[in-house]
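Let me begin by presenting the structure, written as structure tokens, before commenting on it.
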Amino acid sequence: MLKQVTEGPPSSGTASGAAKATPYDPRQQRLGVVLISHGSPSPEWNASQIGLRDEVEKQLKTMDKYGVIKTVRWAWLEFVPEMDIKQTLDDLE
């Protein structure tokens, strides 16, 4: 379970002067998942990996009760320059 910690100057809104913690709300999060593989010069092999991505995305979204997972992307270490790790992460920004 994720927990938000609030730090900062004391709030004047409480009798003790202590800061009120903002409750963690997972629905405010937006997550992208990046799957990484080596990659292949074979377009057929890379296409099979994209099919795997579709299945992983379907499973993750089924388990995502707060709807925070917005996308699942694939990135390759080599052989697919338009889908390398840097480009994939840049696309998620």
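Selection of the range 56-93 for residues being of a type in the set (Ser, Thr, Tyr) and in contact with a Leu (Cβ under 8 Å, 6 or more places away or on another chain) yields only 71. Only residues that are assigned to a loop (DSSP other than H, G, I, E, B) and either surrounded by 13 or more Cβ atoms within 10 Å (Cβ to Cβ) or modelled with pLDDT of 85 or more (or both) were counted in the range 78-93, giving 2.
Restricting attention to the range 56-93, the residues being in contact with a helix residue (DSSP H, G or I) (Cβ under 9 Å, 6 or more places away or on another chain), among the hydroxyl-bearing types (Ser, Thr, Tyr) and touching a residue at least 40 places away in the same chain (Cβ under 8 Å) number 1.
On the basis of being under 30 Å from residue 66 (Cα atoms), part of a loop (DSSP other than H, G, I, E, B) and modelled with pLDDT of 70 or more, does residue 22 make the cut? Spelling it out, residue 22 is indeed under 30 Å from residue 66 (Cα atoms), part of a loop (DSSP other than H, G, I, E, B) and modelled with pLDDT of 70 or more. Scan the range 29-38 for residues that are under 16 Å from residue 87 (Cα atoms) and surrounded by fewer than 12 Cβ atoms within 10 Å (Cβ to Cβ) and report the count. The qualifying residues number 1.
Could you list, in sequence order, the residues of the range 39-70 that are more than 17 Å from the chain's Cα centre (by Cα), exposed (fewer than 11 other Cβ atoms within 10 Å of the Cβ) and in a loop (DSSP other than H, G, I, E, B)? Of everything in the range 39-70, those that are more than 17 Å from the chain's Cα centre (by Cα), exposed (fewer than 11 other Cβ atoms within 10 Å of the Cβ) and in a loop (DSSP other than H, G, I, E, B) turn out to be 41, 42. When residue 34 is tested against (1) in a loop (DSSP other than H, G, I, E, B); (2) at pLDDT 90 or above, just one condition goes unmet, and that condition is (1).
The values are calculated or read from the model by the stated rules, or taken from the named source; none is laboratory data. As the structure is a computational prediction, the values presented were derived from the model and not from experiment. Methodologically, a virtual Cβ is constructed for each residue, glycine included, from the backbone with ideal geometry; neighbour enumeration extends over all protein chains shown.
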